[in-house]
2 protein chains.
Amino acid sequence: MLSQQQVPGAVEEILRDFFDATAPSLEEISPVVTEAGAALAEFVLTGGKRLRPLFVHAGWRCAATESTAAATEPLALRVGGAIELIQACALVHDDILDRSDTRRGQPTVHQRFSALHRHHRWSGDSAHHGSSVAILLGDLALAWADDLVHGLRPTFDDGPAPVPLPPAAGTLWARMRTEVLGGQLLDITNEASADETVDAAYRVMKYKTAAYTVARPLQIGAALGEGSAELSEALWRIGTDLGLAFQLRDDLLGVFGDPAETGKPSGDDLVTGKRTVLVAQALADSSAATAATLRGFLGRALSATELATARGILIDSGALAAVEGQIDDHLSSALAEIDALETSPLARADLTALAHRIAHRQK
Amino acid sequence: MLSQQQVPGAVEEILRDFFDATAPSLEEISPVVTEAGAALAEFVLTGGKRLRPLFVHAGWRCAATESTAAATEPLALRVGGAIELIQACALVHDDILDRSDTRRGQPTVHQRFSALHRHHRWSGDSAHHGSSVAILLGDLALAWADDLVHGLRPTFDDGPAPVPLPPAAGTLWARMRTEVLGGQLLDITNEASADETVDAAYRVMKYKTAAYTVARPLQIGAALGEGSAELSEALWRIGTDLGLAFQLRDDLLGVFGDPAETGKPSGDDLVTGKRTVLVAQALADSSAATAATLRGFLGRALSATELATARGILIDSGALAAVEGQIDDHLSSALAEIDALETSPLARADLTALAHRIAHRQK
């Protein structure tokens, strides 16, 4: 059984192996496609905290017994790798939706291919070309996620038949992908329709983040370890609490975070006009005049003074404290459920460590 | 065993059933997501010739024996439905890449959601909102394609365990998705870099169309029917020939087709600047001056006189006749291989009918 610290490396090895196996089928089409595939591989392999694989593994650890562990741990790591490919699609496509220029301090994928287009002085619109390549590379990541999760590869080497994904895990996998895409659809529609209620922001968080980042990965892991229905239900509740805490922390970091830590510009969520619980709470709890001032700061570039004013409103309205309070509540609720889980002390310790980590992270 | 005429209806029933099964999981997230999902379902269910499912079924029919047919035909139909979902993703995303406003005489998905954004007078850029929804709906179609092919659903109803996809079919399925996406990446890169050689156009056709539309579906069908390696190889050659004939015919229809039949504007491929074998052949076989004239007609709106001049160049250069000749050659080669296939007369008749249909179609 791998320790939590060993999981990211093991998942990266699975991903590296998968990319190596796909390379010949890309090369056969054209070196152009090899180059695009290499950009995707680099994007997947050089970044990320591997949080979702850690939750799959933690969920698996809650369920696995001595007799099933050796046979099922490789599956848990494989599914973890597959979720990282889903995440690659989500980030690459999200960066188009959000018109983001940088991620983790590097140009986003669509910006990278726009720059390549300009560099070669190709014909047509560089920005459109960059987005087009990024749409297709996101699609490739999504298709490969399913290949990996089902043990398939786009190559004809005669290997052993792949170990199939157990049906219970497959249903959760299907559910998770529909939830994250549905949550994203809801998110962009709320943003367009300017739905600024706390309830709307919570609903997006529940599906786009909590289910996808924590709750379903935990449950899939437990299903791979052949855990009980009771365990799966408890992990759903724990995962939803932790996922909400994760996103609420993200919202705070998106406004108050240190750019050197987060890799995003200062006050980025305000500049992009993201509809977060933090902002929704401040709008709900401020006077009409103050709410109008805050609304005027959303979705545009801000001077240092404007950013300071916006932060002041978020603090003075009590929204910052309210969100910190909600994070604490979700964390406490999750920790109490983790303590009551019928599993090994090590599995509980794993989950407890992850819980504190995502609720209190600085980046 | 279903007749060829019964296949589209049976596949549509599978798709309708899948959409019905997914509806509660969308409704749980939000009515907004239900609405988006309904737009996707409508897009999938109201259009298309179901060519790829027909080829899966024809390939299956070449392999199936009396003892295996009853158990494996449902799988062949299921895979056919799944490819229609891949195709939905390909079309929805392609329409963003090509900036197409209409498909099958209806607004494209991104245009439909742009219009909804304008109708509601929502905030932000309507065109960007439309593209964003279309990116996510294409992703949903791609994720659902894999759910369907593996017999999964994003719902927790306790049904019988899904019949898994046999590994040999799974490898071909994985290969096919990488090929179509790789072919699309190559296509947009060729277009950007103005690679106007016949060879480049053929390479795109081979992966983006021939493998994806005919050859792999035939092979997947044969794998589901537990056919031999020899059958699979013969179907690969037949499928590649037919797929190339299909795309070459498409190129002719894209310039000379009747808009009332094709559902696309007259001379659409010239207006969009598509790099087809037809155009590549004309550029290669014309004088420098004529080639420059033709080049000047690519990728912009054309008057009736300009369109007539462009068509004249394609005819006078011999490109039209050359492409018709290539279609005949590919069709003849495929028909000869079909005749030599060791399978039932009915399976051969099915394939022969499909071969004539796609080589000589008017729309």
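Just so it is clear, none of the values below were taken in a lab; they were calculated from the coordinates. The shown structure was predicted, so the numbers you read here are calculated from the model rather than taken from an experiment. Reconstructed Cβ throughout: ideal geometry from the backbone, glycine too, with neighbour counts over all protein chains shown.
Overall dimensions of segment A:29-95, expressed as equivalent-ellipsoid semi-axes from the Cα gyration tensor (√(5λ), whole Å, largest first), are 30, 14, 8. For chain A, a Gaussian network of Cα nodes joined below 10 Å ranks A:168, A:319, A:347 by mean-square fluctuation, and the top entry is A:168.
May I have the pair-distance distribution P(r) for segment A:1-163, computed from all Cα-Cα distances with 5 Å bins from 0 and rounded to whole percent? Answer for segment A:1-163: a P(r) of 2, 9, 17, 19, 18, 14, 10, 6, 4, 2, 1, 0, 0 percent. Rounded to whole numbers, the Karplus 3J(HN,Hα) couplings from phi for segment A:120-127 are 7, 6, 6, 8, x, 8, 4, 5 Hz, using 6.51 cos²θ - 1.76 cosθ + 1.60 with θ = phi - 60°, and x at Gly and Pro. Convex hull volume of the Cα atoms of the protein assembly as shown, normalised per residue: 151 Å³. Measuring nothing but alpha carbons in segment A:236-292 and taking Rh as the Kirkwood radius, the Rg to Rh ratio lands at 1.06.
Adding -39500 (n - 2.57) for every DSSP H run of four residues or longer, then dividing by how many residues chain A holds, sets the calculated 222 nm ellipticity at -24000 deg cm²/dmol. For chain B, relative contact order (Cα pairs under 8 Å, six or more residues apart, normalised by length) works out to 18 percent. Taking amide H positions as modeled 1.01 Å from N, with prolines and chain starts lacking one, the residues under 5 Å from residue B:103 and 5 or more places away or on another chain are B:108. Computed from the C-beta positions of residue B:27 and residue A:349, the FRET efficiency with R₀ = 35 Å rounds to 0.35. Between residue B:156 and residue B:16, the FRET efficiency estimated from the beta carbon spacing at R0 = 25 angstrom works out to 0.75. For segment A:166-363, the Kirkwood radius over C-alpha pairs fed into Stokes-Einstein at 25 °C and 0.890 mPa s yields D = 138 µm² per second.
Take the Cα coordinates of segment A:156-243, assign each an equal point scatterer, and use the Debye formula without solvent to give log10 I(q)/I(0) at q = 0.14, 0.20, 0.22 Å⁻¹. For segment A:156-243, the Cα-only Debye profile gives -0.57, -0.88, -0.98. Each label point was placed 7 Å from the Cα along the Cα-to-Cβ direction; for residue A:287 and residue B:362 their separation is 7.4 nm. Each of the peptides A:9-19, A:203-213 was scored by the mean count of other Cβ atoms within 10 Å over its residues; in descending order, highest first, they stand as A:203-213, A:9-19.
Around residue B:211, under 10 Å between beta carbons, what's the net of Lys plus Arg minus Asp minus Glu among the other residues? Neighbourhood net charge equals +3. Couplings 3J(HN,Hα) for segment B:296-308, derived from phi with the Karplus relation 6.51 cos²θ - 1.76 cosθ + 1.60 (θ = phi - 60°), are x, 8, 8, x, 8, 4, 10, 6, 4, 5, 4, 4, 5 Hz, where x marks Gly and Pro.
Extending 7 Å from the Cα toward the beta-carbon at both residue A:123 and residue B:65 defines two label points whose distance is 5.6 nm.
Placing dummy labels 7 Å off each Cα toward the beta-carbon, the span from residue B:163 to residue A:42 is 4.6 nm.
Across peptide B:145-157, the average count of Cβ atoms from other chains found within 10 Å of a residue's Cβ is 6.
Across segment B:1-162, the relative contact order, built from alpha-carbon pairs under 8 Å that are at least six residues apart, equals 26 percent. Dimensions of chain B from C-alpha coordinates, computed as largest minus smallest value along each principal axis and given longest first, are 68, 62, 32 Å.
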